[in-house]
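The values are calculated or read from the model by the stated rules, or taken from the named source; none is laboratory data. In this text, all values refer to a predicted model and were calculated from it rather than measured experimentally. Ideal geometry is used to build each Cβ from the backbone, glycine not excepted, and the neighbour counts take in all protein chains shown.
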Amino acid sequence: MEASTDGPTPAKIDTSVPHSARIWNYWLGGKDNYPVDRAAGDQFRATFPGVDEVARASRQFLVRSIGYLAGEAGVRQFLDVGTGLPTADNTHEVAQRVAPEARIVYVDNDPLVLIHARALLTGNPAGATDYIDADLHDPGRILREAARTLDLTEPVALVLSGVLGHVADTGEARGIIGRLMEPLPSGSYLSLNDGTSVVAGPEADKALDEYADTGAVPYRNRTPAEIAGFFAGLELVDPGVVSVPHWRPEPGAEPRDVDAFGGVGRKP
């Protein structure tokens, strides 16, 4: 089954204000961005030179965690919320390399992401790949529309990669996770990583303040303890919540701390 082409016509893309998905794409070396995004990305990098490494490490964590979930954990359904622009090793590509029958639903609300998702996110015909144009703050709608492709009575891996920083209030962020995880059955998983300022300290926070001044949707760093709190009620997979290069690194890798912490937890 190929990616769905149903859904609303995407809104006009605003190229006058930088957007996090396009800036992230720029830091990862992609081409799906505009001058305003590159300018904001360069300004951020000037204040926080380590941001490119954070972006790469976050992406590599996503790849390793999806590989674990589709492989060792045996998960066959994935709900990737805040997916961002397609790049190499998207969730469906990693999952379906392991299990061609895997079913993946992506969620984002950026018009450019929607355009590229419809064009590029076609999965293995043995499985299914779909895309929902929806906001993180509307878990009810996300779950209703995801149910068109996923069987929510069977385990699902919820993926939140670098997105919860856009929810300023930590309690609200926990509530969103709870509303997304609550209807999922035992054996479901949460894969989550987000930004910190443990390594870079004030320069990371200063870069985010400058980023907010561009008119883009603000993003806030959290402490590792706050990120670990997002897994409350779940059984953490070893090695727990760590700086993401340390989460099950590839053999021979020499991981070092970056300002992104994450982990994987199983719903009992």
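Tabulated values for the structure
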{"read-out": "Filtered residue count, region 240-255, keeping only those that are touching a strand residue (DSSP E or B) at 6+ places or on another chain (Cβ under 8 Å) and part of a loop (DSSP other than H, G, I, E, B)", "value": "4"}
{"read-out": "Scope region 114-151; condition over 24 Å from residue 37 (Cβ atoms), acidic (Asp, Glu) and surrounded by fewer than 20 Cβ atoms within 10 Å (Cβ to Cβ); matching residues", "value": "138, 151"}
{"read-out": "Pairs where the first residue, in region 211-223, is at pLDDT below 85 and the second is surrounded by 13 or more Cβ atoms within 10 Å (Cβ to Cβ) and not in a helix (DSSP H, G or I), C-beta under 6 Å, 6+ apart", "value": "214/18; 215/17; 216/18"}
{"read-out": "Any hit, region 258-266, residues being among the aliphatic types (A, V, I, L, M) and surrounded by fewer than 19 Cβ atoms within 10 Å (Cβ to Cβ)", "value": "no"}
{"read-out": "Within region 111-142, tally of residues that are in contact with a Pro (Cβ under 7 Å, 6 or more places away or on another chain) and either more than 18 Å from residue 91 (Cα to Cα) or in a loop (DSSP other than H, G, I, E, B) (or both)", "value": "5"}
{"read-out": "Matching residues, region 59-113, being more than 27 Å from residue 141 (Cβ to Cβ) and crowded, with 24+ Cβ neighbours inside 10 Å", "value": "61"}
